[in-house]
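Read through the structure below, which is laid out as structure tokens, and then see the notes.
The values are calculated or read from the model by the stated rules, or taken from the named source; none is laboratory data. Bear in mind that the values here come from a model prediction, so they are computed numbers and not experimental data. Ideal geometry is used to build each Cβ from the backbone, glycine not excepted, and the neighbour counts take in all protein chains shown. These accessible areas exclude ligands, DNA and RNA; they are computed on the full protein's heavy atoms, side chains included. Shrake-Rupley method; radii C 1.70, N 1.55, O 1.52, S 1.80 Å.
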Amino acid sequence: MFISAVRVISVLATLCALPLLAGCPVEQKNPRDGTTIVFKHGKIAGDPGQFRKLLDRFERENPGITVKDETLPASTDEQHQYYVINLEGKSGDFDVISMDVIWVPEFARAGWLLDVSHLLGPGEENAFFPGPMRAVTMNDGIYAIPWYIDAGVLYYRKDLLKKYGRSVPETWSELVITAQEITGQERGLYGFIWQGKQYEGLVCNALEFIWSNGGEVLDKGKPVLDSPRNAEALRFMRDLIVKYGVTPPLVTTAIEEPTRHLFGSGKALFMRNWPYAWNIFEKQGSAVKGNVGVAPLPFFPGNRTASTLGGWQLGVNRFSRQPEAAEKLVRFLTSPASQKTLALSVGYKPTRKALYKDPDLMRQQPFMTSLYGIFLRARPRPVTPYYLMMTQVLQPEFSAALAGIKSPEAALASAQKQVRHILGEGP
Amino acid sequence: MNSRDQGNRFVLPAVIALSLVTVYPVLSVLSMSLHRKLLLFDISEFTGLDNYRFLLSDDRFWNAFNNTVYFTALSVSLELLLGLGIALLLNRTFRFKGAMTALVLVPWAIPTAVSARMWEWMYNTDFGILNHLLGLKINWLGSPFWAMNAAVVMDVWKTTPFVAILLLAGLKMIPQDLYQAARIDGAGAWSIFRRITLPLLMPVVLVVLIFRTMDAFRVFDAVYVLTGGGPANTTETLSIYAYKVLFQTLQFGYGSTLAIVVFLCVGAISLLYLRVLTARAEP
């Protein structure tokens, strides 16, 4: 009896230790004595084979370097957690990191990224859109190179606007009037849908209302959340639901896909979303094919349109054992040729401005190149290493204001106080 | 060397072991709570009582505090009432009594995270059995009013068996001859319950209350799995708030402050109960 218990325990102990042994970093050398670099990224949209082809081209151009690409979980929160845990543990198991635009300042401040400014030629940073460039620059260092870009846009139903003789709204009040008029006569049609669940997407949406009213979150690094302009913008979001009745209450629990489904099945007149939805609406069999238009988001009188910047950037792990090879891959993937290939094959929107005048792209992806003006003006969320802590505060406060649990002023005052505390400005 | 010294020597190892596993961590959390400590950026500055001063005016803390008190008060009182009823029923003799007792225990035996997932499906607006049976379309976990009550119902379902079993044990300890004597004196069922059962059960009730109040005040898994603290933080309890600050954003300073405050609250509650217990035991 006793002996068998001991045996069971020792077997268990061995089993437990196995993953540890397997996890030991093993120096990876291929037969030609070259280097292997590991590239971590989220799921590649569309056909992953297209992306592998691009990596094969890199390997041909750089003999001796092998690229292993590894896909992370689909949720960006899980990707972020993966990086934080591994980089806090100084892991060198991956060399090239793909990062959401809001992570770069945090990772750079934590000392996990190599400065890659030398990868850009003199003045080359001007070849990129200004928004992403601002998001990767910290204290004169450049810690990642923008890879592809995203920004919030307004989708509208061309057929319905035409039927009622309405033009595309430029201001928020025009949008409300148009939506009220058309939904008053069309049964089962929602006026304007967007993303209002308590998550990062809510912050993206709310910032677009706030910025388009001349509001701000940070001013020279100091929080300025509790301003009348910000409160006005938040109140307008709530009023869209309760006062004007153009937004259904379901948006307070909606993320991108449910709103995309509603709009795609013809149940909404206007929608705020990212450009990815366009290709789905234009597919064969879509209920709204040929009837969808895209415009910049509206603004409040006396201000201008503002889109929240999204997109992904490539950086090099500070703990990488092959930084030179990793830098070559970053340089290659963000080059005009690679960005063009990815734009044509999987629809990733290039971060280099010149590509939007490329004849092939203009012919094959006319929708993408039409977004040039929106991308040019897209604004990054507050560029600060503390952004991920700040958004944890903003999400519930914005959500409370939308749900009517707090007044916009109370929600913003509370957010202001908490953000000050995070930034270390005392209680 | 007298026997007292000898006794102390025997106790010493236990004292050292306990200090290592309880006193040291508590002191370490206490010291962290006096710092602005951001693990990611290697920031660690001593800020004295700043965190505590901020906490007093932190709306989110008071929101979490109120949520926790509401959850604790409602779920513990419901569990006590239902548990007492079930215990009284189980204390009678009837067929299949053993099987019934075992069945009652099933919810308690299911891991909390699993039962929370189960309830999440039952509460689902479109596919949930609850809306199906009631013929309604209520967004139970999405509405600020229903979400916390939905969590309370789940906790009551899960923990009532535990209360019932403890109270049943207490009922078994009441000598039967007291009941016989009462019946001979012509006492009715209600006065027997009020004058014999309840007073003699009181010590067990207090023990149950201590266990349940402390558990409910620290509630994390049930609510976290069910709602994640939403909508708009209306179900965020103190433990969930502390978890989010500590482990989602790695703010170890303020997170420790929150943990200390939860610790103080639970400590105060248990002292209060202990005082009531000893006060009852003395006369």
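The number of residues in the stretch A:225-253 being in contact with a strand residue (DSSP E or B) (Cβ under 7 Å, 6 or more places away or on another chain) and assigned to a loop (DSSP other than H, G, I, E, B) comes to 3. Note on the stretch B:20-40: among residues that are assigned to a helix (DSSP H, G or I) and buried (at least 16 other Cβ atoms within 10 Å of the Cβ), the one that is farthest from the other protein chains (Cβ to nearest Cβ) is B:V29. In the set (1) aliphatic (A, V, I, L, M); (2) within 28 Å of B:N124 (Cα to Cα); (3) at pLDDT below 90, B:L250 fails one condition alone, (2). The single residue among B:G253, B:G267, B:G229 that is assigned to a helix (DSSP H, G or I) and free of Cβ contacts under 8 Å to residues at least 40 places away in the same chain turns out to be B:G267.
Of the residues contained in the stretch A:387-399, none is found to be within 11 Å of chain B (Cβ to nearest Cβ), touching a Lys or Arg at 6+ places or on another chain (Cβ under 8 Å), without any contact (Cβ under 8 Å) to a residue 24 or more places away in the chain and more than 24 Å from A:V101 (Cβ to Cβ). Entry remark, the stretch A:400-427: residues being more than 9 Å from chain B (Cβ to nearest Cβ) and more than 26 Å from the chain's Cα centre (by Cα) number 3 in total. Can you tell me which residue among A:L309, A:L329, A:L344 is under 21 Å from the mean Cα position of the chain (by Cα) and touching a residue at least 24 places away in the same chain (Cβ under 8 Å)? Of A:L309, A:L329, A:L344, the one residue that is under 21 Å from the mean Cα position of the chain (by Cα) and touching a residue at least 24 places away in the same chain (Cβ under 8 Å) is A:L309. Of the residues in the stretch B:229-248, not one is in contact with a Ser or Thr (Cβ under 7 Å, 6 or more places away or on another chain) and more than 23 Å from B:W119 (Cβ to Cβ). With a requirement of 1 or more residues that are under 29 Å from B:A73 (Cβ atoms), the helices (runs of 4 or more DSSP H) lying completely within the stretch B:143-197 that satisfy it span B:144-173, B:189-192. Residues that are open to solvent by 50 Å² or more (accessible area, probe 1.4 Å) number at least 3 in the following helices (runs of 4 or more DSSP H) confined to the stretch A:349-427: A:359-364, A:372-377, A:408-422.
Considering only the stretch B:42-55, state which residues are at the interface with another protein chain (Cβ under 10 Å from one of its Cβ atoms) and touching a Phe, Trp or Tyr at 6+ places or on another chain (Cβ under 9 Å). Within the stretch B:42-55, B:N51, B:F54, B:L55 qualify. Close Cβ contacts (under 6 Å, 6 or more residues apart or on different chains) running from residues in the stretch A:195-207 that are over 18 Å from A:L154 (Cβ atoms) to residues that are assigned to a loop (DSSP other than H, G, I, E, B) comprise A:K197/A:A254; A:K197/A:I255; A:Q198/B:G230. Here the helices (runs of 4 or more DSSP H) wholly within the stretch A:76-144 that include at least 1 residues being modelled with pLDDT of 95 or more and farther than 18 Å from A:P350 by Cα are A:104-109.
Contact annotation: residue pairs with Cβ atoms under 6 Å, 6 or more positions apart or on different chains, pairing a residue in the stretch A:85-98 that is within 14 Å of chain B (Cβ to nearest Cβ) with a partner that is open to solvent by less than 40 Å² (accessible area, probe 1.4 Å), are A:L87/A:W112.
Somewhere in the stretch A:117-127, is a residue among the acidic types (D, E) and under 25 Å from A:A151 (Cα atoms)? Yes, because at least one residue in the stretch A:117-127 is among the acidic types (D, E) and under 25 Å from A:A151 (Cα atoms).
Here the stretch B:79-114 is the region considered, the condition is being among the hydroxyl-bearing types (S, T, Y) and farther than 16 Å from B:G170 by Cα, and the residue that is most open to solvent (accessible area, probe 1.4 Å) is B:T93. Figure legend. Inter-residue proximity from the stretch A:279-292: first residues within 18 Å of A:K163 (Cβ to Cβ) and free of Cβ contacts under 8 Å to residues at least 40 places away in the same chain, second residues polar (S, T, N, Q) and exposed (fewer than 13 other Cβ atoms within 10 Å of the Cβ), beta-carbon distance below 8 Å, spacing 6+ or different chains. Indicated pairs: A:A287/A:S265.
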